[in-house]
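Take a look at the structure set out below.
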Amino acid sequence: MKPIVVIAAVPQETELLENALEHSGRVKSGGFEYVEGTIGNLRLVVCVGGVGKANAAAATAVMIDRYQPQLVINTGCAGAYIGSGLVVGNLVVASEEVLADEGVVVLEGWKDLRYMNIPSVEQGGMRCYNLLPLSRHASEKAMQLADYYGVFLMRGRFATVSTCSGTRQYGAAMSDRWNALVENMEGAAVAQVCLRCGVDCLEIRGISNQVEERNMKKWDIPRAVGAAQRFVLKYIEEMDRPDTAPITKATPEL
């Protein structure tokens, strides 16, 4: 059976996942070090790719080329835009990703890739510019799982940036431009490579902060990444469950 690949930016975002693996071992390939193991009957590969779009795209490409996975899960933390309805500790799943600051500044202001007529992905009659779809089936399954366990999970558009929003005003401008819920630095790159390679992609993140005047004393990254990893573990456990078997409320607790 094809494995599941989990990609995150930093080790803190994968620690719980790595500890849950059985028969695990570390591997180095393509410039990345990652962990192979199993959860139940499923093979799992957990890769810490590094911060930012370039690292995320490279890690995703290496993982897909080596493993041809059935699913890529991108996880970690994100900042919630003001007005999204999200608070620190909440979980959010991407319906689509957006390359939020890929474009050009002209006299009339900032313009996107469609204005430039430069698709980010073009193949098989498909032309994607800034907006990149993720697996609807995978995100719907996540929503159903959250509903069953009574876990708050919001689904919507994520914005991926190279320059983070460090003020409420800048964050509001990005949110309004793209109608996005949250901001991160890797998701669109992972989604873009998966889309190009024809691999399903699921993105689950925990909210570490509100996008406002930058003050990391108000952030809670451990809470955000812990919640995201626990949900990903439960999602993977349910993937290993036979379709005919009843859902059980086993640990880990969400």
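What pairs can you find where one residue is in the stretch 81-105 and touching a residue at least 60 places away in the same chain (Cβ under 8 Å) and farther than 13 Å from R177 by Cβ, the other is in a loop (DSSP other than H, G, I, E, B) and charged (D, E, K, R), and their Cβ atoms are less than 8 Å apart, with a gap of 6+ or different chains?
Close Cβ pairs satisfying both conditions: I82/E212; V88/D220; G89/D220.
Scan the stretch 127-141 for residues that are without any contact (Cβ under 8 Å) to a residue 12 or more places away in the chain and closer than 20 Å to C197 by Cβ and jot them down.
Residue satisfying the conditions is R127 alone.
Search the stretch 152-198 for residues being aromatic (F, W, Y) and part of a helix (DSSP H, G or I), and hand back the single one that is nearest to the chain's Cα centre (by Cα).
W178
Going by what's in this entry, would R214 be described as surrounded by 14 or more Cβ atoms within 10 Å (Cβ to Cβ), in a strand (DSSP E or B), on the phi < 0 side of the Ramachandran plot and modelled with pLDDT of 95 or more?
no
Out of the stretch 219-254, which residues are among the charged types (D, E, K, R), assigned to a loop (DSSP other than H, G, I, E, B) and modelled with pLDDT of 95 or more?
Matches in the stretch 219-254: D220 only.
In the stretch 215-233, is there at least one residue being touching a Cys at 6+ places or on another chain (Cβ under 7 Å), β-branched (V, I, T) and over 24 Å from I4 (Cα atoms)?
Scanning the stretch 215-233 turns up at least one residue that is touching a Cys at 6+ places or on another chain (Cβ under 7 Å), β-branched (V, I, T) and over 24 Å from I4 (Cα atoms).
Does D200 satisfy the condition of being in contact with a helix residue (DSSP H, G or I) (Cβ under 9 Å, 6 or more places away or on another chain), of a type in the set (D, E, K, R), surrounded by fewer than 20 Cβ atoms within 10 Å (Cβ to Cβ) and touching a residue at least 60 places away in the same chain (Cβ under 8 Å)?
Working: in contact with a helix residue (DSSP H, G or I) (Cβ under 9 Å, 6 or more places away or on another chain): yes; of a type in the set (D, E, K, R): yes; surrounded by fewer than 20 Cβ atoms within 10 Å (Cβ to Cβ): yes; touching a residue at least 60 places away in the same chain (Cβ under 8 Å): yes.
Considered against the rule, which asks whether it is in contact with a helix residue (DSSP H, G or I) (Cβ under 9 Å, 6 or more places away or on another chain), of a type in the set (D, E, K, R), surrounded by fewer than 20 Cβ atoms within 10 Å (Cβ to Cβ) and touching a residue at least 60 places away in the same chain (Cβ under 8 Å), D200 comes out as yes.
Filtering the stretch 1-54 down to residues that are small (G, A, S), at pLDDT below 95 and closer than 14 Å to R66 by Cβ, which residue is surrounded by the most Cβ atoms within 10 Å (Cβ to Cβ)?
G30
If a residue has to be within 21 Å of S162 (Cβ to Cβ) and among the aromatic types (F, W, Y) to count, how many in the stretch 42-91 make the cut?
The total comes to 1.
The values are calculated or read from the model by the stated rules, or taken from the named source; none is laboratory data. Not measured: the values here are computed from a predicted model. Backbone-built Cβ (ideal geometry, glycine too); neighbour counts: all protein chains shown.
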